[in-house]
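Quick note: the coordinates plus some simple rules give every number you see, no bench work behind them. The structure presented is a predicted model; accordingly, all values stated were derived computationally and were not measured. Methodologically, a virtual Cβ is constructed for each residue, glycine included, from the backbone with ideal geometry; neighbour enumeration extends over all protein chains shown.
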Amino acid sequence: MDSKTMAARVEELLSGMTLEEKAAQMIQVPYAIVGREEALRWARLGAGSFLHVLGDDAREIQKTAMEESRLGIPVIFGIDAVHGHSLNDHATIFPSQLAAACSFDPDVAYVMGQVTAREVATDGLHWTFAPVLCLGRDTRWGRIDETFGEDPYLAGEMGAAIIRGFQGDDLADGEHILACAKHYIGYGEAVGARDACDTEMTYRKLREVFLPPFKKAVDAGVGSVMTAYGAIDGTPFTVDRTSLKDILRGELGFDGFVVTDWDNVNALVRRQHVAETARQASVMAAKAGNDMIMTSTQFYDAVIEAVRAGELEESVLDEAVRHILTVKLRMNLFEKPEKAGRPGCLGCAEHLAAAKDASDRSLVLLTNNGVLPLQPSVRKVAVIGSNADDIRAQYGDWTYFTHPTPNPEHEPVRPYVTVKEGVEAACAKRGMACVYHRGCSVLDSEDEDIAGAVEAARDADAIVLVVGDVIAQTGEEKDRAVLELSGRQMELFDALRALGMPLITVLVASKPLAVGRAATDADAFLCAFNGGLFGGEAVAKALFGEINPSGRLPISFPRASGQVPVYYNSLPGWHKQAGKGYCDLPDTPLYAFGEGMGYSAFAYDGLTFDAQTLEAGVNVTNTGSMTGTETVQAYFHDVVSSVLTPVKQLIAFRQVTLAPGETAHVTFRFTREDFSLVNRREQRVTEPGEFELMIGHSSRDGDLLKASFRL
Ligand code: BGC
């Protein structure tokens, strides 16, 4: 259907709708909360959407909506398929967004989106509330795992790619689903990292740091955007017309529909206290540009009354319903209310292979004194730590263990491989011995046995200690004030370290923790975050050199909780420039954005930059003895500018795979906008003057070659 015919069809539908039907079209009903009977009642009223309902339950609702509501407008079903269609226990579970971002490869995100879409579609659903485009800057926040890390450029590249994977070229085909860029905007920046609290942000900062990933999402054609829980300068994001109407629609040209986050309209009354009644809150939300109202079903009666009382123009509802119906038509839901998907594709071999690849690519090796890959002289490996064999911790948030209602008792569904199982299999294959002991749990518990773990490890040749966090420490309302290893994990490390044998620490966690000496005093430190189904197998492959770890950190590791936030693209300050940090700690991270090593090493030389063509080139050589993949990172710094600008900002990266001794000439072509800033008048401009281009292995100064130039 061309856009003209589609617009005409929307107007035709709209003209036949009553006020009640328009209000209902704007409602998204939470199935797991209201239950079947109430859900069916909403379907008959013509509710526009339902969330968190799968398979046959969804089919029943769709049938009811289409056959028993007056107009038979199809329902659009949404679900949080954020790292795979993971609320379904047979789906392919990918690494978290944070872990996937370690690949620094948008293709990994694209495939993740494509596979997830296919599996969601096969369950009869249309829409995922993903990707998260919030930035993970304050790592105390409970939802760091859901982000693509701390950097707007990387988050935008990964975000646009996963959106293309979800939505494909044509939303009407049977295998692609609607994506949702969330949470608009600045949600992760809440004060003190306290989930859903206010955000200290100006519109200038919003445009400079937080808007770019959403711009890329809109440019990639994202069909829906979800508002955030927080507030900007005292105005809840859900009712902030400037960001929703002027910026998102007006400037970015977003043409899909906006959905609130969970119960945002009620929160205006009960939590944020900017409205006295549901009616007031509903009017505010509708006027600000929210098209679909998630879970606050009171909105239905409230807006109907408000329109009747002359407090709200019916045209506001028309506009919202227009946006929703347009997407439903783009998706061809009127003709094909159920996506075809690919019967039998949930967890099929092709999808599992994609998840394995993503897990492999998400590993970041951060220190290694040569202990890895494990040498043939190692005949027995001791795997220690409860996270080595905890599939819930390996998955992290947003699976059938955590949503739609927490269910940690759910029987884990194979195929998955924990670190323990991966190392056991790798040892068996090589005729080596392997022993496992949990030592202690991640949270304090009664049955700790550190002495037992030491005994188990005593006659091994190498220890693999897995530390991290568990799902009780991850997600909404699970922000952490203390990022140091919880429970007795550090004590366990010290006791094992005292054995004096090769010790490799592996981090299975939702975020960068303040791992301290558990990383720096280990012989090697491997970061695995939440690696999905095959996270444990990937770790084993890396330990034995079956894969050459190639991930890079999309987020910085703090030395201590009190150092947070410690993101690389900070603004310059006096003390920082004097080379000082805190009086008791440096202000540099323990591990920096972009960092990561493998079993190869790369040397850089010959940086060139042409200020006329804005083309740069650099030679990269693999000086190691194993084929490896390097992520060549380009940063810039505006030397003198009208406002403070970051000490460096990523503007591009390229990956090259090189054989031992091989050199590649890697080139970049920039635009003037790549060197831009947002000025005090909130305009994105490139100011003339001196700049620095930095290209190299990571965001650390010592890893970068520099070229100065003038624009
Ligand atoms: C979260 C969203 C999610 C929604 C629906 C909210 O609490 O903030 O990210 O999509 O619930 O599950």
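Residue farthest toward the positive end of the dipole of the chain, with Cβ of Lys/Arg at +1 and Asp/Glu at -1: which of Gly702, Ala611, Tyr300? Most positive-ward Cα: Ala611. Between the residues Val564, Gln649, Phe636, the greatest Cα displacement towards the positive end of the dipole of the stretch 543-691, with unit charges on the Cβ of Lys, Arg, Asp and Glu, is found for Val564. For the stretch 381-477, the square roots a ≥ b ≥ c of the C-alpha gyration tensor eigenvalues yield an a/c of 1.5 or more together with a/b not exceeding b/c, which makes the shape oblate. When the charge dipole of the chain is built from unit charges on Cβ atoms (+1 for Lys and Arg, -1 for Asp and Glu) and taken about the Cα centre, the candidate among Met626, Phe148, Gln272 whose Cα reaches farthest toward its positive end is Met626. For the stretch 352-455, the list of GluC sites (Glu not before Pro) that fall in a loop by DSSP and count at most 11 other C-beta atoms within 10 angstrom reads Glu409, Glu446. Report the Cα centroid-to-centroid distance between the stretch 295-344 and the stretch 462-526 in angstrom, as an integer. Taking the Cα centre of each part, the stretch 295-344 and the stretch 462-526 sit 47 Å apart. Spin-label pair Ala472-Tyr582: with each label point 7 Å from Cα along the Cα-Cβ axis, the two points sit 2.7 nm from one another. Using the Cβ-Cβ distance between Glu67 and Arg204 with R0 set to 56 Å, the FRET efficiency works out to roughly 0.60.
Ordered by the number of other Cβ atoms lying within 10 Å of each residue's own Cβ, fewest first, Met201, Met1, Met66, Met292 fall into the sequence Met1, Met66, Met201, Met292. The label-point distance for Arg681 and Glu455, in a model that sets each label 7 Å from Cα toward Cβ, rounds to 7.6 nm. When the square roots of the Cα gyration tensor eigenvalues are ordered a ≥ b ≥ c, the ratio a/c for the stretch 410-467 is 1.5 or more and a/b does not exceed b/c, which makes its shape oblate. With the simple model of a label 7 Å out from the Cα in the direction of the Cβ, Thr277 to His665 spans 7.4 nm. Rounded to the nearest Å, what's the spacing between the alpha carbon centres of the stretch 114-162 and the stretch 208-258? Just the number, please. Using only Cα atoms to place each centre, the spacing works out to 16 Å. For the chain, DSSP calls about 55 percent of its internal beta bridges antiparallel. Exposure proxy for Thr405, Thr418: other Cβ atoms within 10 Å of each Cβ, ordered fewest to most, give Thr405, Thr418. Kirkwood analysis of the Cα pair distances in the stretch 39-168 returns a hydrodynamic radius of 15.6 Å. Only Lys, Arg, Asp and Glu carry charge here, each on its Cβ (+1 for the first two, -1 for the last two); on that basis the chain has a dipole of about 880 debye about its Cα centre. Of Val618, Val10, the sequence from fewest to most neighbouring Cβ atoms within 10 angstrom is Val10, Val618.
Over 24 Å apart at the Cα level, from the set Lys182/Lys216; Lys182/Lys205; Lys380/Lys541; Lys22/Lys328; Lys216/Lys336; Lys215/Lys706, are Lys216/Lys336; Lys215/Lys706. Grab the DSSP H runs of the chain that are 4 residues or longer, score each as -39,500 (n - 2.57), total them, divide by all residues and round the 222 nm result to the nearest 500 deg cm²/dmol. So the helix-based figure for the chain works out to -8500 deg cm²/dmol.
Can you tell me how the stretch 556-711 classifies by the Cα gyration tensor, rounded, prolate or oblate, using a/c under 1.5 as the rounded cut? Oblate, because a/c is 1.5 or more while a/b does not exceed b/c. The alpha-carbon of Lys63 sits under 12 angstrom from the alpha-carbons of these aspartates and glutamates, leaving out residues fewer than 8 places away in its chain: Glu338. Between Glu411 and Ala707, residue separation times 0.36 nm minus the direct Cα-Cα distance comes to 101.0 nm.
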